[in-house]
Every structure is written in C-alpha cells, then in structure tokens.
1. Within the bounds of region 131-151, is there any residue that is in contact (Cβ under 8 Å) with a residue 60 or more places away in the chain and over 22 Å from the mean Cα position of the chain (by Cα)?
2. Would you mind finding the one in Ala356, Ala306 that is out of contact with any Ser or Thr (no Cβ under 6 Å at 6 or more places or on another chain), hydrophobic (A, V, I, L, M, F, W, C), modelled with pLDDT of 95 or more and surrounded by fewer than 19 Cβ atoms within 10 Å (Cβ to Cβ)?
3. Are any residues in region 367-418 over 13 Å from Leu349 (Cα atoms), touching a strand residue (DSSP E or B) at 6+ places or on another chain (Cβ under 7 Å) and of a type outside the set (A, V, I, L, M), and if so, which ones?
4. Give the number of residues within region 14-29 that are over 16 Å from Asn372 (Cα atoms) and of a type in the set (A, V, I, L, M, F, W, C).
5. Can you spot a residue in region 19-29 that is under 29 Å from Val194 (Cβ atoms), within 21 Å of the chain's Cα centre (by Cα) and in a strand (DSSP E or B)?
6. Mind checking whether some residue in region 111-130 is within 19 Å of the chain's Cα centre (by Cα) and closer than 21 Å to Pro193 by Cα?
7. May I ask you to list the residues in region 387-418 that are among the small types (Gly, Ala, Ser) and buried (at least 20 other Cβ atoms within 10 Å of the Cβ)?
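The values are calculated or read from the model by the stated rules, or taken from the named source; none is laboratory data. Source: prediction; values computed, not measured. Heads up, the Cβs are rebuilt from the backbone with ideal geometry, glycines too, and the neighbour counts pull from every protein chain shown.
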Amino acid sequence: MTTPERYLQHVLPTYGRFPLVPVRGAGARLWDETGKSYLDFCMGIAVCSLGHCHPRLVEAIRHQTGELMHVSNLYQSPLQAELAEEINVHHVRLPGKVFFSNSGAEANDGLIKSARRFGLKRPAADGSQRYEVVTFLQSFHGRTLGAMSATAQKKIHEGFDPLLPGFRYLPFNDIAALENAVRPETAAILLEPVQGEGGVITATPEFLRAVAALCKKHDLLLFFDEVQAGFGRCGDAMAWRVIAPEIEPDGISWAKGMGGGVPIGSFWLSDRAVDPGGTALSSLLGPGSHGSTYGGNPLVCAASLAVLREIREQDLEANATRQEAHIREIIGSWKLPIVTEIRGKGLLLGIGLDPALIPTPEGKTPALVIVNQLMAIGLLVPPAGPNTFRLLPPLNVTTAEVDEALAIIKGVLEGYCH
C-alpha cells in the first residue's frame, strides 16, 4: 500500500495535501520517496528555522533523549528554566515570564485566558468583568475553539458554530476603525505584526502605535501573535520591533520556528504592574489556572535552546534582513507584470500575483496554480490566500540558494507574461 493510499484509508482528510511524500532533508533541501530533490522554501511553514536536520539541533535532541525526555510540570525542569531565561534576556528583552505549550494555537488560548483573568482583576466601571478580545480581519490565530474564534476569517468558522463568545473583528491597518473600538467589556487587543496566513500583510508603524496608544488610554492589554513571525523570521528576534521598536507589549505568543521542528509553543506575559498595589500581570495565572502535560518538557526545551542560541549566536536575524533586500532587488529587476507586490519582512515574504494573468482551473486559486508548477520543477513554497505565495526559507539560507529559487520562480512566472 502506498503512502497516499494509507492516508485515504486511515488519516482524517483535514488537509488538502499535495502529492508529495518527503522522506529526507538536509539544510534547505528535501528529498521525496522517489529520490527527487527539492529546494525547500516552505520549511514546514516557517518551522525549520535552521533548515532540515541542522547538526546542532540533531545533537541536542540525540543527547537529551539519552538523559531525560519527559518529566511532569509538577517538578522543576532545569532546561525549561534555562529556555525561559534565554527568551526573556536575549529575545524579548523585557521583564516577564513564559508559559510553554505544544503549539501556537495553545499559546494564543493562553493569551485569551490571560485577558479574561486581567478583566476580572481590572473590571469595567460598573464592576462587571471585562472579557472581550479585539482581533483583525484576515488574521489567523489557530484551530482550537478559542484560537479559531479569535481568527477573523469566515472560512475558518464555517460549520463550527456556536463559536466561543467574546471576540470582535476590525479591519487591519485601519486607524479610523480603532477610534470607536473600545466597549466596556473590552479587555485586550490581539494582532499579528505580520499576518502570515492572511496574505503576508505587515502592520504599518502608525497602526501599531495607534493600537498601543489605545490600549494605554483604555487600560487594555496589547498582545502580539508572533507564532509565524517571531524569533528572527522578520529580521529581529521580535517581529514587532522591526515595525515599531519602542512599543512594549503585554503578551506575546510563539511556536513554529522556536523549535526547529519539535512541537513547542509558548506565550509570554509582562511583569508590569496592573494595579496600584503592584500586582504583576504575569502573576495573574497562578497555580491551577493553566497547564500542559507535555508543555516545556526536557526534550523540546533542549531542542528549542539549540535553535534559539544558533539564531542568536550566528546573527541569523541579520541574514534574514540581507536576504530580504536581495530578494526584493532581484524580483524588482524582472519587471514582470504578473508580480503585483512583495509584502512582508525578513524571510516572511509574500509574492502577490495578478490573477488576471493566470488561467485558473475550477477549484484552484492562482496561487495554487503557481505553487504546483514550482513544486513540479523542484521548489517548495506555500500559498497565502488566493493570489499570494510565500517565501519561507531557513534563516541560514545562502545567497546561492536564494538565487536558485528565484531563477525557478522567474522561469515559471515569465511564462504568463508573453
């Protein structure tokens, strides 16, 4: 029985999977079961920050499996404490505390719970609990019921009513829409500095500053979802700092690239005081309020430490910035009308396509047509909405690998411009 046949018989059809069966990876390369090689600019959708099977990550996992893979969070794991310190001191660089989960959706659920606990501590003027979280159209925060309810996309909601109450959606990058956004029950604003799944849309500095000012004015929490954008992907350890570095958020969620391929997520809460008595925001989730059986176990923390230290020590954030400039320069020099724009930051880039130039079969989008053509030639990239595909290479990608990928992309796109 083939792998596709086993999927059909035994695996829930929750993904529209491409007809590709990867079996081996090294660096920016992936090989399928036939031995065909691919240049991987998908990287598990921004997960494999160091590429496939990076020696430092492999050794960290190999060593830790021989020491201790799992221990209950009833006890104190040295590696979990070490990883939290790494994140606080070297990446966030603000006083706060970290909770470790298994995914980005779980991390966002933690932020939602934190907003509700904050709304209990800091109620509305009439004494009622504040609970509402404002999010933005075309956002994506995950597929648990809470994270899905926070996601402002109808296609994500369809068939799952009733959703979790307590969310309201506003247009992204629309400062005017913010002006009357706050209600008595509003407790927090949650947004992606760079919307990945929604089409690679970057928040403007003016918009981020307006959101931060609104939160300060109305005593709201400011949360950033950096699940796809964080830990160097956008050219800084924290994506929001590439856009408006002076802002200090109250909470941040991560996953994907922080583990290089192992299932780990986390969220951070600021130590700032939330009342005159000096109660820290990070203290509101006390014993019994939140938990995860596997979250932050020794194995995943050893892996994440290897990844985050490699990113920091090799200054891979700077490489992301350099390669972004190179990609923009090369694609701009093509002057192809099919490319409408290049969006994003660092190595979270979206290539916008003119759908009028791409004959599209029924049931397909222009982005999927291009993604499938690129895959057939040997380049893997994921779509981001109907008219955009993403470039998500490893943060240590070389200029030669970037040039190879761009040559493949140019060859495909030129075919639509004659």
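1. no
2. Working: Ala306 fails: surrounded by fewer than 19 Cβ atoms within 10 Å (Cβ to Cβ).
Every option except Ala356 fails the conditions.
3. Gly378, Asn387, Glu401, Glu404, listed by residue number.
4. 3
5. The initial filter retains those residues of region 19-29 that are under 29 Å from Val194 (Cβ atoms), namely 20, 22, 25-29.
Subsequent filtering for residues that are within 21 Å of the chain's Cα centre (by Cα) retains 27-28.
Next, only the ones that are in a strand (DSSP E or B) stay: 27.
Within region 19-29 (the criterion being under 29 Å from Val194 (Cβ atoms), within 21 Å of the chain's Cα centre (by Cα) and in a strand (DSSP E or B)), the answer is yes, since at least one residue qualifies.
6. yes
7. Selection gives Ala405 alone.
Residue-wise test of (1) assigned to a strand (DSSP E or B); (2) of a type in the set (A, V, I, L, M); (3) within 17 Å of Ser114 (Cα to Cα); (4) touching a Gly at 6+ places or on another chain (Cβ under 6 Å).
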{"site": "Leu190", "(1), (2), (3), (4)": "yes, yes, yes, no"}
{"site": "Glu206", "(1), (2), (3), (4)": "no, no, no, no"}
{"site": "Val211", "(1), (2), (3), (4)": "no, yes, no, no"}
{"site": "Phe223", "(1), (2), (3), (4)": "yes, no, yes, yes"}
{"site": "Ala229", "(1), (2), (3), (4)": "no, yes, no, no"}
{"site": "Gly235", "(1), (2), (3), (4)": "no, no, no, yes"}
{"site": "Pro249", "(1), (2), (3), (4)": "no, no, yes, no"}
{"site": "Phe267", "(1), (2), (3), (4)": "yes, no, yes, yes"}
